[in-house]
Amino acid sequence: MTAIDLNDYFYFVHVVEKRGFSAAAQALGMPKSRLSRHIAALEARLDTRLIQRTTRQFNVTDTGEVFYQHARALIDEMESAEAAVARKKNTLSGNVVLSCSVGVAQFAVKDLLARFLTENPRVTVAQQVTNQNIDLVGAGVDLSIRGHTGPLPDSSLVQRKLATVEWHLFCAAGYQDQHGAIDNPADLASHPTLALGWQSPTGQWSLQSYGGEETGVAITPRLKSEDMATLKAAALQGLGLVALPAYTCRQELDDGRLVRVLPDWHAGVAQLSLVQPSRRGTSAAVEALRDCLVTDLAGVVSG
């Protein structure tokens, strides 16, 4: 057997994960013909067909699938070795693509990102802000912060819990003096509401007391929005009651501009989880940002 060329392993992994030579060549910034020669040389050295390719179809053979698993693991180990050296030398560099929801971007990670970039001047971050679930691999996302109330669907993605977040009801200071006190969930029916989302004209708040009672309150919001900052601004103007993650209103509670409604009840519990592709090597920069989020985000959103 001839000498091993690890570049061929690297190229093969890219071809499999991009599902074709054209996409892989574009991602690698090299001519398709050159990439094809590398894969052909690898197959010749192994004396086996790894990829069945025609003008219309791309299929990895059974042997190719087995080889891919080992090659992917080898590339991961190589990248981890380089990442460990970079961390040891304190020379982190590279780009990290982070995806998160609008609310998380506005209220949870902005200060963490600023501090992380200050501490790592050679790292860049590209932040994608969306409330939609996306294909992380297809979009080239390294890390994604997702809020969810139930288990995330099983997938090939690596998932790690970051924090538990309570949602509370809020209104402007002085609102209840003008519109009437709210002493129990039944009182909510006579008040205007502001709600997250935009599609359905009606909805329901599911409330739970700290004593274990549960109740549902039907709402027809005056304002629906996917933007938590817009909803909070409307509540501050006295336009109605709003249910939001507790951490998004901490400042306004502290300075007295908002008050909590029904403090013996909460409007649900959500999880924030960190999700990342499981079969992609992670750079030292990605690992460093992941560690920062795992270590520090819970402290930002707790309470």
Set Gln204, Gln178, Gln159: member being farther than 22 Å from Lys232 by Cα and not hydrophobic (A, V, I, L, M, F, W, C): Gln159
Positions within the range 92-114 being in contact with a Cys (Cβ under 8 Å, 6 or more places away or on another chain) and assigned to a helix (DSSP H, G or I), in sequence order: Leu112
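Residue by residue through the range 28-58, note down the ones that are within 21 Å of Asp76 (Cα to Cα) and in contact with an Asp or Glu (Cβ under 9 Å, 6 or more places away or on another chain). Can you show your working first?
Here is the first cut: in the range 28-58, the residues within 21 Å of Asp76 (Cα to Cα) are 28-29, 35, 38-39, 42, 50.
Within the range 28-58, His38, Ile39, Leu42, Leu50 meet the criteria.
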Filter result for the condition that a residue is under 14 Å from Ala108 (Cβ atoms) and either assigned by TED's automatic domain parsing to the domain that holds Ala139 or at pLDDT 90 or above (or both), over Asp264, Asp296, Asp255: Asp296
Failed condition for Thr61, given (1) within 23 Å of Glu79 (Cβ to Cβ); (2) surrounded by 14 or more Cβ atoms within 10 Å (Cβ to Cβ); (3) β-branched (Val, Ile, Thr): (1)
Subset of the range 9-27 [farther than 18 Å from Met78 by Cβ and of a type in the set (Ser, Thr, Tyr)]: Ser22
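Check every one of the helices (runs of 4 or more DSSP H) wholly within the range 197-303 and list those with 1 or more residues that are in contact with a Phe, Trp or Tyr (Cβ under 6 Å, 6 or more places away or on another chain) and surrounded by fewer than 20 Cβ atoms within 10 Å (Cβ to Cβ). So that I can check it myself, show each step before the final result.
On the way: elements: 228-236, 250-254, 284-301.
Per the criteria, 284-301.
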Positions within the range 20-38 being more than 13 Å from Leu50 (Cα to Cα) and surrounded by fewer than 18 Cβ atoms within 10 Å (Cβ to Cβ), in sequence order: Ser22, Ala23, Gln26, Ala27, Leu28, Gly29, Met30, Pro31, Lys32, Ser33, Arg34, Arg37
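Confirm whether Val242 is within 26 Å of the chain's Cα centre (by Cα) and outside the structural domain of Asp177 (by TED's automatic domain parsing). Even if it seems obvious, please write down each step before you answer.
Numbers: within 26 Å of the chain's Cα centre (by Cα): yes; outside the structural domain of Asp177 (by TED's automatic domain parsing): no.
When the stated conditions are applied, Val242 does not pass them.
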Condition met for Glu77 (acidic (Asp, Glu), at pLDDT below 80 and assigned to a helix (DSSP H, G or I)): yes
Any chance Ile145 is at pLDDT 95 or above and in the same structural domain as Val96 (by TED's automatic domain parsing): yes
Total residues in the range 252-272, condition within 17 Å of the chain's Cα centre (by Cα) and farther than 21 Å from Arg115 by Cα: 2
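Residue-wise test of (1) within 30 Å of Gln128 (Cβ to Cβ); (2) out of contact with any Pro (no Cβ under 8 Å at 6 or more places or on another chain); (3) free of Cβ contacts under 8 Å to residues at least 40 places away in the same chain.
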site	(1), (2), (3)
His191	no, yes, no
Leu194	yes, no, no
Ser200	yes, yes, yes
Gly216	no, yes, yes
Ile219	no, yes, yes
Gly238	no, yes, no
Arg257	no, yes, no
Val275	yes, yes, no
Thr295	yes, yes, yes
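The values are calculated or read from the model by the stated rules, or taken from the named source; none is laboratory data. None of the values given here were measured: they were computed from a predicted structure. Virtual Cβ from ideal backbone geometry, glycine too; neighbours counted across all protein chains shown.
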